[in-house]
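Can you keep this structure in mind? I'll have questions shortly.
The values are calculated or read from the model by the stated rules, or taken from the named source; none is laboratory data. Keep in mind that what you see is a predicted model, and the values were worked out from it rather than measured. So basically every Cβ, Gly included, is an ideal-geometry build from the backbone, and we count neighbours across all protein chains shown.
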Amino acid sequence: MSVAIWWIKRDARFADNSALTAALAAHRFVLPVFVFEPSVIAATDYSAMHHHAQWQAVTYLRQRLRKMQADAYIGHGEIVEVLAQLHKLVAFTHIYSHEEIGNGITFARDRSVAAWCREHGIAYLEFPQSSVRRTGVDRDHLQVMWQSRIVQVLPLPAPQMVPQSLEIRAIAAQTALPVPVLPRTVSQWQSVTEADADRTLNDFLARRSKWYRGGISSPNTADTAGSRLSVHLAWGTLSTRRVWHETRNRIAELTAECHPDLDRWKRSLEAFTSRLHWRDHFTQRLESEPDLEYRSIHPAYRDVPYENDERLFAAWCEGHTGFPIVDAVMRCLATTGFVNFRMRAMVVSFACHALHLDWRFIHPHLASVFRDYDPGIHLNQLQMQAGVVGWNAIRVYNPMKQLADWDAECRFTKRWLPELRDQLPEAILHHHDIPLSVYPPPIIEFASRTQKMKDALYSIRKSREAKSATPAVYQKHGSRKKELARTPRKSAKSKENPKQLRLFE
């Protein structure tokens, strides 16, 4: 009896699943396996939001399998131990999985599985599910990888699962997917199943994408103008390739019918597809430089003089900084797991530049409250917004300006700061000048603190060490796109770049 394992990681889907499709093509029986691993769950960047997302995705997948007279084996333990136990029950000869570009724990885990397979004579086949190349790639060839894996290859149709033997189904049926312990806010978390991914993608392309360009910067409109696909791409209930092709098809459809809003819609969809490409660009950095999780990509910025004041950190996490838009964003994240990219960039900038908190210090908390946490995107954006990449302009977001620009009526702010709901927008916008009795004053003096950090970062940038290291770091990790390859401004006065990437939306 030829039996293969489909090891489910961040890819609990049927459509465009290279690992599952290959396994079904080569073997009579395929047993899907998902494992809740204690080392992954205990990691500082893992949370109940993530556990629930995986539980939800696999629960839905299992329901579909059972309709096809098949089932999934659910393991609890370290993956190698679970595979060893399962191998005693089912003599599988192959393991099929997708490559996971994750944190250091999952990277070491994948290598352990490969070693175990070699030791036991089991074939271990990994498949890419993006344009990211394992072990890294010359940046000049990234476009080739994108073309060959995404553009030139159509998404795979969802395969029909072959009914499993009664023996295999009996073994799988004995395993359970216990409901994780959840907070009351779970109802506000975005649902993560393949069916939800389909609905969200279809709704975005058919209706909401028209407002993408220009609509994703405000926290008041990003929920509808944004794609809301980031959570599905992060947990693998949807593939980048499928999103890219269906978006291009939608552009062609709108063009063919000469839609009256074609120009607006096309600009929005073109902007969206470019961000899919950038998503892989940043993930490739983590694959090429796994230490990105622990130290800055540029060696000169590994000892920035951060304070890491626990009191300031706690106020930031809890949304009690005295800066309304910052507090609203942090409370929104804790409850829903989502805000738009501009707001994410702002709270990172505020933490690093104003509160003087190390990006590594704030990383676990932010990761834990991002429902769509993806290490390749998250770690790169932390470093970019902290200003430690070395060649990008150092951007400091002024929270009061962001409030005035993107929430002038304070609708978002009042929603998440109930203590301000009876205040006029003008009072909130100017509370630094006229304190509000119902809201605390700022916990720091913004201008002087941010200037101090900018001075420190620019001092590093001007150092001999930084100047000598920047060309090599940029050659390995820098974008080949002009808008990201600009020479940093000489002035310490930061201006926000209108072309800044919005990778989380």
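Would you point out which residue out of ALA91, ALA72, ALA115 is surrounded by 14 or more Cβ atoms within 10 Å (Cβ to Cβ), of a type outside the set (Ser, Thr, Tyr) and over 23 Å from the mean Cα position of the chain (by Cα)?
It is ALA72.
Identify the residue in the stretch 137-163 that is surrounded by fewer than 13 Cβ atoms within 10 Å (Cβ to Cβ) and in contact (Cβ under 8 Å) with a residue 24 or more places away in the chain and, among all such residues, is nearest to ASP198 (Cα to Cα).
The extreme case among them is PRO157.
Checking the conditions here, which among ALA22, ALA57, ALA4 is within 23 Å of GLN174 (Cα to Cα) and assigned to a helix (DSSP H, G or I)?
Answer to the selection: ALA57.
Of the residues that make up the stretch 310-320, is at least one assigned by TED's automatic domain parsing to the domain that holds ASP407, buried (at least 18 other Cβ atoms within 10 Å of the Cβ), closer than 20 Å to THR413 by Cα and in contact with a Lys or Arg (Cβ under 8 Å, 6 or more places away or on another chain)?
Yes; the residues of the stretch 310-320 include at least one that is assigned by TED's automatic domain parsing to the domain that holds ASP407, buried (at least 18 other Cβ atoms within 10 Å of the Cβ), closer than 20 Å to THR413 by Cα and in contact with a Lys or Arg (Cβ under 8 Å, 6 or more places away or on another chain).
Would you check if ARG134 is under 30 Å from ARG275 (Cα atoms), surrounded by 15 or more Cβ atoms within 10 Å (Cβ to Cβ) and not aliphatic (A, V, I, L, M)?
no
Mind checking which residues of the stretch 168-185 are without any contact (Cβ under 8 Å) to a residue 40 or more places away in the chain and either among the acidic types (Asp, Glu) or outside any loop (DSSP other than H, G, I, E, B) (or both)?
Answer for the stretch 168-185, where residues must be without any contact (Cβ under 8 Å) to a residue 40 or more places away in the chain and either among the acidic types (Asp, Glu) or outside any loop (DSSP other than H, G, I, E, B) (or both): ALA170, ARG184.
In the set LEU156, LEU83, LEU125, which member is in a loop (DSSP other than H, G, I, E, B), at pLDDT 95 or above and not small (Gly, Ala, Ser)?
That would be LEU156, the only listed residue that is in a loop (DSSP other than H, G, I, E, B), at pLDDT 95 or above and not small (Gly, Ala, Ser).
Just a yes or no: is a residue in the stretch 328-351 surrounded by fewer than 23 Cβ atoms within 10 Å (Cβ to Cβ), under 19 Å from ILE216 (Cβ atoms) and among the aromatic types (Phe, Trp, Tyr)?
yes
Could you please give the count of residues in the stretch 360-385 that are over 14 Å from the mean Cα position of the chain (by Cα) and in contact (Cβ under 8 Å) with a residue 60 or more places away in the chain?
Of the residues in that region, 2 qualify.
In the stretch 164-202, which residues are among the hydrophobic types (A, V, I, L, M, F, W, C), closer than 24 Å to SER47 by Cα and crowded, with 19+ Cβ neighbours inside 10 Å?
Selection gives TRP189, VAL192, ALA197.
List the number of the failed condition for VAL304; all other conditions in (1) buried (at least 19 other Cβ atoms within 10 Å of the Cβ); (2) modelled with pLDDT of 95 or more; (3) over 17 Å from the mean Cα position of the chain (by Cα) hold.
For VAL304, the exception is condition (1).
Name the single residue, out of those in the stretch 203-227 being surrounded by fewer than 16 Cβ atoms within 10 Å (Cβ to Cβ) and small (Gly, Ala, Ser), that is nearest to the chain's Cα centre (by Cα).
GLY214
Can you give me the ranges of the helices (runs of 4 or more DSSP H) entirely in the stretch 316-372 with at least 2 residues that are hydroxyl-bearing (Ser, Thr, Tyr)?
324-336
May I pose another question? Restricted to the stretch 432-445, and to residues that are of a type outside the set (Val, Ile, Thr) and closer than 18 Å to GLU310 by Cα, which residue is surrounded by the most Cβ atoms within 10 Å (Cβ to Cβ)?
Taking the candidates together, the pick is PRO442.
Could you check, for the stretch 116-128, whether at least one of its residues is in contact (Cβ under 8 Å) with a residue 40 or more places away in the chain, outside the structural domain of ARG295 (by TED's automatic domain parsing), among the aliphatic types (A, V, I, L, M) and under 30 Å from LEU89 (Cα atoms)?
Looking through the stretch 116-128, at least one residue is in contact (Cβ under 8 Å) with a residue 40 or more places away in the chain, outside the structural domain of ARG295 (by TED's automatic domain parsing), among the aliphatic types (A, V, I, L, M) and under 30 Å from LEU89 (Cα atoms).
Within the stretch 416-439, is there a residue that is among the small types (Gly, Ala, Ser) and at pLDDT below 95?
Checked the stretch 416-439: at least one residue is among the small types (Gly, Ala, Ser) and at pLDDT below 95.
Looking at this structure, is TYR397 touching a Cys at 6+ places or on another chain (Cβ under 8 Å), of a type outside the set (Lys, Arg), at pLDDT 95 or above and not in a helix (DSSP H, G or I)?
So TYR397 fails the test.
For the stretch 41-55, does any single residue satisfy the condition of being polar (S, T, N, Q), modelled with pLDDT of 95 or more, over 23 Å from THR21 (Cα atoms) and in contact with a Pro (Cβ under 8 Å, 6 or more places away or on another chain)?
Yes, the stretch 41-55 contains a residue that is polar (S, T, N, Q), modelled with pLDDT of 95 or more, over 23 Å from THR21 (Cα atoms) and in contact with a Pro (Cβ under 8 Å, 6 or more places away or on another chain).
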